[in-house]
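*Asks:* First the structure, then my questions, so here it is.
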Amino acid sequence: MTAAAPSIASLKADLFRAMANPVRIGALELLAGGTRSAGELQRALGVEASHLSQQLAVLRRGGLVTARKDGTSLLYSVKDPVLFEMLAAARRLLLNSLTETRSLLADLDLTG
């Protein structure tokens, strides 16, 4: 008996799990500017090299980034630029929610 193919919902969950870390999100957002070395990412994110390495490995396993060797450096890039559209949509969603919350708080302050 063969295992059933994973559902789209399951694959989406895997995708979101691969991004579910602030360092991973930060790295992806930095990669929107183009290919970066692990050292560049580490300096920009202000995290330990070993921690960044673990997080980049999760992104690689999730199929979100690719890495290639250039001399002694590992260069990272996003596999599919559609990912940036998704990150931008998440940002808009959060900003909309925060705007709504701010509006509700302002209403409470006026009536309280």
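*Asks:* How do the pairs read when you match residues in region 12-38 that are in contact (Cβ under 8 Å) with a residue 40 or more places away in the chain with residues anywhere that are among the basic types (K, R) and surrounded by 15 or more Cβ atoms within 10 Å (Cβ to Cβ), using Cβ under 8 Å and keeping only pairs 6 or more apart or on different chains?
*Replies:* A18/R24
*Asks:* Please find, among E100, E85, the residue that is free of Cβ contacts under 8 Å to residues at least 12 places away in the same chain, part of a helix (DSSP H, G or I), within 12 Å of the chain's Cα centre (by Cα) and surrounded by fewer than 15 Cβ atoms within 10 Å (Cβ to Cβ).
*Replies:* Within the list E100, E85, the selection yields E85.
*Asks:* Identify, by number, the condition in (1) surrounded by fewer than 10 Cβ atoms within 10 Å (Cβ to Cβ); (2) not assigned by TED's automatic domain parsing to the domain that holds V58 that L94 doesn't meet.
*Replies:* Every condition holds for L94 apart from (1).
*Asks:* Scan region 26-43 for residues that are surrounded by 15 or more Cβ atoms within 10 Å (Cβ to Cβ) and in a helix (DSSP H, G or I) and jot them down.
*Replies:* G26, A27, L28, E29, L30, L31, A38, E40, L41, Q42
Okay, residues lined up against (1) in contact with a Leu (Cβ under 7 Å, 6 or more places away or on another chain); (2) among the acidic types (D, E):
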site: A4; (1), (2): no, no
site: S7; (1), (2): no, no
site: L11; (1), (2): no, no
site: A18; (1), (2): yes, no
site: L30; (1), (2): yes, no
site: S37; (1), (2): yes, no
site: V58; (1), (2): no, no
site: D70; (1), (2): no, yes
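*Asks:* Given the conditions (1) touching a Gly at 6+ places or on another chain (Cβ under 8 Å); (2) surrounded by fewer than 17 Cβ atoms within 10 Å (Cβ to Cβ); (3) within 28 Å of K12 (Cα to Cα), report the number of the one that R61 does not fulfil.
*Replies:* (1) is the only condition that R61 fails.
The values are calculated or read from the model by the stated rules, or taken from the named source; none is laboratory data. Bear in mind the structure is a predicted one, so any value in this text is a computation, not a measurement. Neighbour counts are summed over all protein chains in view; Cβ atoms, including those assigned to glycine, are modelled from backbone coordinates with ideal geometry.
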